[in-house]
Structures are given as structure tokens and as C-alpha cells.
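Following: one structure in C-alpha cells, then a few remarks.
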Amino acid sequence: MRIMLLVEAFNSLSQRVYGELVRCGHELAVEFDVNTESTQQGVALFKPDVIVAPYLKRAIVRTVWSRYPCLIIHPGIPGDRGPSALDWAILEGRREWGVTVLQANEELDAGDIWAFETFPLRIAPKSSIYRNEVTEAAVKALCRALTSYKRGVLRPLSQRDTTLGAGILRGYHRPAMMQVDRAIDWGQDTTEVILRKIYASDSAPGVRDWLCGRTVYLYGAWKEATLRGIPGALLGQRDGAVCRATVDGAVWITHMQAVQQDGRGLKLPATAVLGDAVADVPCIPIVQNSTETWREIVREQEGAVCHLHFPFYNGAMSADQCRRLTDEYKRAKESDARVIVLHGGPDHWSNGIHLHVIEASESPADESWRNIEAMNDLVLEILSTTRQMTIAALCANAGAGGVFLALAADAVYARQGVVLNPHYKNMGNLYGSEYWTYLLPRRLDAEESDWLLQGRLPITAAKAVAVGLIDGALGRTPAEFRDMIARLARAWAHPDFWSARLSAKVARREEDEARRPLGAYRAAELAHMRRNFYGFDRSYHVARYHFVHKTLHAHTPLYLATHRRARPLTTAQEGTS
């Protein structure tokens, strides 16, 4: 079928839906819902059989939904309505939640149900649940609905029908959650309540709070097991996060946002936002074997396998984070482990350099350079590993430099639901580094590499395996994936297997180095990057600014809008396509 994705932004769910529908053989186009006229024009150009809206913040215009079947992916159970569905479910401690695929009509979220899926609701941040359970349920429900529609056997259910079936959860209309609903009373709220409020607001809009004489928005909460103090007081800091006392314990807050007079603000490590106000707050060392505390990097060894976890917030890696991770990786190399597994985080593997920290710096060009050098140092450390075999285990999505960081490992495996964006050009024609000019040709030929980098499209794990970018797609759920990776790593660590693989790896690296040193690849890449950062072309800096401030698109980028490519380009489109 011809299917158009109508979106506000091409977010993680939209990308996953795109990849799955392409895999199923559908003809896809993407249209950003910029304004009514643009949407009407895009739909008229493509003439879809079905329109799917995975991520949309306003109602579809009548002239579109009255002519085409328009499916809304709503992150709520049947009957649930309103823009804060997942927020309320988390805040209220629901144990089960779901996703509903419904048809757009004149009343928001009130159309007929084409399909729905439910799932157990974890106690976790909204962004994590959205990228995992919501995404998986949405893909499953949508594919089932489209298959039934194509076969002519679809029987939509009216939301006004009370006979959906025994035992089916039923929701109801809820208003938008306001900051008064999210507000924390540090003198009354328990740790569990505070966690739920921040979880329900992460990654947007955050919880508005007052701290150190300023209004800030809170993100990234973790329970602390041992520290105690006067409720509301700051107890300590660690790796950019601050620990704040509650009535029955304490929580770590990793990120904050201070809104400026123009209404804009950047989400940054908490200590970067609070600045001198936390200069006297003590740094708290890691308590070994403590599971309930904030640990930005976790190194664990099980027998001959060393597991390295780095759940950086939103997958962004600042220069300082890269250096801390490099130091921890060096410790792993010094251990008696035979295999090192790079896990990234459960919600993001890595998305490369930290654009928010760069934007907030006094000299974004200098900070960009510092960041990419630190990323390159980390990649070089992995490529220079001669005593261990390395595995990149991608349980979550990866993008830009994060993909090439993974390719530095000896083998790359991803969970089946993972989406990869192995390209840089969406960030203002950024050239990219991380030794990609060495790493990519080891896996793809020139034609495939060009398709990957210039096409700028997300690819599923299955597609990445098919073209040879990664080595395998394992496990449907995160738990299945972790178990399969653990077994794989133990097999790799068997002395006979390890010895043969390691010898071949070292020999190949020596041959490659003799042919062209890694330093030459790095120097050539950084020559391009220097022009991106310091040259006359300011497109990287402009694109970065719009990205971190979430500026809405003025039109659909042409690499996504296949239905618009035959039309003459406007000057604006030529500059941003």
C-alpha cells in the first residue's frame, strides 16, 4: 500500500514505524505537519491509501481525514483520551497500559479503534517506556491493523461501544497534565512519589522546581540508597548530577534546564546549570556494590567477560564523559578479561557528541573540537585493543558518531527493534569523524556506503544485518537481548575461540596499519571537521542551534519527502534539503 507518515517531527517512534512499514513492502512517504495548506498539498501529491500519524500534536484537518483513512497512534488504552496519556499512567502508578491505533475524526482521540496492544507498565521514565514498550506495542498493533485493512477483514470498534471484551482496560478523557500536577513538595513527598513525578515528565516538559535561588526544570531521577539529610537539601554531587534529600531518603537529579528570558533553555547536567551555587556541595564517591545510586559508567566483570555500561542521558557524550569512559575502558583492558562488551544504555546506545553542552559553551566551535577529539580518543582506544575481543551490544538506538563508535568493536549486535542512523549530514552537512572512513569500508562497499551516508534514512537492525553493517539482530525484548549477549560473550571468552579470533584480529590490524595508519584517517577527517566548526559555512552551527532548541520545521526535508522531489525547489528547500 501507499502509506504516508504525517508527523510533527521524525522522532524515534516515527522512524521505527517507517522502517517496519518499508520492511513489509509498503511504499512510504513522510510529510511534516507544518501547516494546513502544506499538509493538504503533500497528501494531494502522494495520494496515499492510508495516512499514519505516529507523532502528531494537533488534530488532522477535516479535508484530509474525511477523504483518506487516517490512523492515530495514541499511547493509551482504548477509551483513553488527551495529550498526557502516558504521563498520567506513570504518575498514578498504573500497572498495565497500552497503545491504541484509532481513526481520526472530528473529535480528538475519539475515532474508531482499528487495533490496540497492552503491556505491563514499568516504574521508569516516560521516555524509556515510550522508546521501548510503547514503540513495540505501536508497531505490533499498527501492522495488524494495516494487514486486516488490506485484506478487507478489518472491523473497527467504536469507542462508544461498551462491549470491547471482558477484561479489557478502559480509559477515559484526561486533561493535559499541568505543572501543578507535577509539582514536588520536598517536605511531604516520599522518594517514590518524587520519582514518579519526574518519570512522568521526562524527557518533556520536566518538573518545574525552585533550587539554589532559581527556577529550574528537573530531569533524570535515580534513587539513592544510603545518603540522608534535611528534606530538600543538596547532599552531594557526582559526574554532573546532584543528590537531594527527601522525607524518607534521597534522589539523584542528573539534568536540569534553566529557562531564559526569551523562553529558551538548554537541558544540561545539573551542576552545569547550578554553577557556583553547588561549589561547596561535596563530591560523593561511588559506594561499591550499591545498586540504588547514580552511576554514569558501570564496569562489571563476570569470569572472563567485562561488561561496560554507559547510560548517558539521551545518548549524548560530552568531552568529559568521553574521557571518563575512556579511562574506564582502559581499566577494562588492564583486567584479566578476555572479552569486553560495550553496552551503552538501555534507552540509547550512543548518539555521538553532546550538542547541548556544545551549544551552552562560550565557544561552541572550540567545544565541538574538544568533544570530537575525545570521541576519537575513545574509538582509538577500542581499535587498539590487542588483549581482548570486543563486542558492541546495542540494546537501544544509536545515531551519528554513536554508530561508528559501535563499529570500532570486533563485532556489533543489536536488539531486533533497534533503529540506526549512521550518518552526519542532517547536522548541517557535518562531515563526521570517529574513524568512520576506516571503519565503514571494512563492512560496506563504496556504493552501499554512499547510500547509507547520503540517503540519511534510519535503518532497522534487520536491514543493517542484511547490508552487512552489523553482525546480527538478537532478541525481541531487552531481557532476551541481554541474555543472548551474555551467552555469546561467554562463548567468545573460551580460551580456544578467543585465542584464534584474537590472533586474526591483531594480524589484520597490523596489515591495515601498514597500508594506512589510523592517524592518517583521523587527520583527514578532522581537516573536514575543522572547516565545519571554524569555516565560512555556518550550517553546522545553525543546524545545531535549531536541534537543541527544538525549532519546528518550516517544510518537510526532501530526503524524506519523496512525493515532493519532482517539484521545483524553492530557495529555502535547496539550502536545507
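The values are calculated or read from the model by the stated rules, or taken from the named source; none is laboratory data. Note that the structure is a prediction, hence the values are computed from the model and not measured. When we count neighbours, we look across all protein chains shown, and the Cβ atoms used for this are built from the backbone with ideal geometry, even at glycine. Heads up: the accessible areas ignore ligands, DNA and RNA and are worked out on the full protein's heavy atoms, side chains in. Shrake-Rupley method; radii C 1.70, N 1.55, O 1.52, S 1.80 Å.
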query = Out of (1) modelled with pLDDT under 95; (2) open to solvent by 30 Å² or more (accessible area, probe 1.4 Å); (3) not basic (Lys, Arg), the odd one out for GLN257 is which?
reply = (1)
query = Out of LEU518, LEU502, which single residue is touching a strand residue (DSSP E or B) at 6+ places or on another chain (Cβ under 9 Å) and open to solvent by less than 60 Å² (accessible area, probe 1.4 Å)?
reply = LEU502
inquiry  = Suppose we filter the stretch 171-190 for residues that are closer than 15 Å to VAL207 by Cβ, surrounded by 13 or more Cβ atoms within 10 Å (Cβ to Cβ), over 27 Å from the mean Cα position of the chain (by Cα) and of a type in the set (D, E, K, R); how many remain?
reply    = 1
Leading residue by the ranking (surrounded by the most Cβ atoms within 10 Å (Cβ to Cβ)) among those in the stretch 274-295 that are under 15 Å from CYS243 (Cβ atoms) and modelled with pLDDT of 95 or more = LEU274
inquiry  = Suppose the filter is at pLDDT 95 or above and within 26 Å of ASN11 (Cβ to Cβ); does ALA183 pass it?
reply    = no
Count - residues of the stretch 6-26 that are open to solvent by less than 10 Å² (accessible area, probe 1.4 Å) and more than 18 Å from GLY417 (Cβ to Cβ) = 2
request  = Tell me which of these VAL193 doesn't satisfy, since it passes every other one: (1) touching a Leu at 6+ places or on another chain (Cβ under 8 Å); (2) open to solvent by 40 Å² or more (accessible area, probe 1.4 Å).
outcome  = (1)
ask   = Taking PRO495, is it open to solvent by 20 Å² or more (accessible area, probe 1.4 Å), within 23 Å of ARG131 (Cβ to Cβ) and touching a Lys or Arg at 6+ places or on another chain (Cβ under 9 Å)?
value = no
inquiry  = When you check GLN416 against the structure, is it in contact (Cβ under 8 Å) with a residue 12 or more places away in the chain, out of contact with any Pro (no Cβ under 8 Å at 6 or more places or on another chain), open to solvent by 10 Å² or more (accessible area, probe 1.4 Å) and of a type in the set (S, T, N, Q), yes or no?
reply    = yes
query = Listed residues ARG238, ARG214; which is out of contact with any Lys or Arg (no Cβ under 9 Å at 6 or more places or on another chain), more than 24 Å from ARG94 (Cα to Cα) and of a type in the set (Lys, Arg)?
reply = ARG214
note = Selection over the stretch 436-481 where residues are at pLDDT 95 or above, touching a strand residue (DSSP E or B) at 6+ places or on another chain (Cβ under 8 Å), under 15 Å from GLY399 (Cβ atoms) and assigned to a helix (DSSP H, G or I) yields a count of 2
key: Pairs where the first residue, in the stretch 155-184, is part of a loop (DSSP other than H, G, I, E, B) and the second is at pLDDT 90 or above and open to solvent by 70 Å² or more (accessible area, probe 1.4 Å), C-beta under 8 Å, 6+ apart   = LEU169/GLU96; ALA176/PRO83; ALA183/ARG208
inquiry  = Among the residues of the stretch 347-359, are any within 22 Å of the chain's Cα centre (by Cα), farther than 20 Å from LEU378 by Cα and of a type in the set (Asp, Glu)?
reply    = yes
inquiry  = Given the condition among the small types (Gly, Ala, Ser), at negative phi and in contact with an Asp or Glu (Cβ under 7 Å, 6 or more places away or on another chain), answer yes or no: does some residue in the stretch 105-127 qualify?
reply    = yes
inquiry  = Restricting to the stretch 27-81, name every residue that is charged (D, E, K, R), surrounded by 19 or more Cβ atoms within 10 Å (Cβ to Cβ) and in a loop (DSSP other than H, G, I, E, B).
reply    = ASP33, ASP80
query = Between a first residue in the stretch 483-500 that is part of a loop (DSSP other than H, G, I, E, B) and at pLDDT 95 or above and a second residue that is surrounded by 14 or more Cβ atoms within 10 Å (Cβ to Cβ) and among the charged types (D, E, K, R), which pairs have beta carbons less than 8 Å apart while being 6 or more apart in sequence or on different chains?
reply = ALA493/ARG338
message = For the list (1) β-branched (Val, Ile, Thr); (2) modelled with pLDDT of 95 or more; (3) not in a helix (DSSP H, G or I), I need the number of the one condition that VAL139 fails.
response = (3)
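Yes/no matrix, rows are residues, columns are (1) under 27 Å from HIS555 (Cβ atoms); (2) in contact with a helix residue (DSSP H, G or I) (Cβ under 8 Å, 6 or more places away or on another chain); (3) in a loop (DSSP other than H, G, I, E, B); (4) open to solvent by 10 Å² or more (accessible area, probe 1.4 Å):
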| site | (1), (2), (3), (4) |
| --- | --- |
| GLY98 | no, yes, no, no |
| LEU102 | no, no, no, no |
| GLU107 | no, no, yes, yes |
| GLY111 | no, no, yes, no |
| TRP114 | no, yes, no, yes |
request  = Evaluate the stretch 434-445: report whether one residue or more is surrounded by fewer than 18 Cβ atoms within 10 Å (Cβ to Cβ) and aromatic (Phe, Trp, Tyr).
outcome  = no
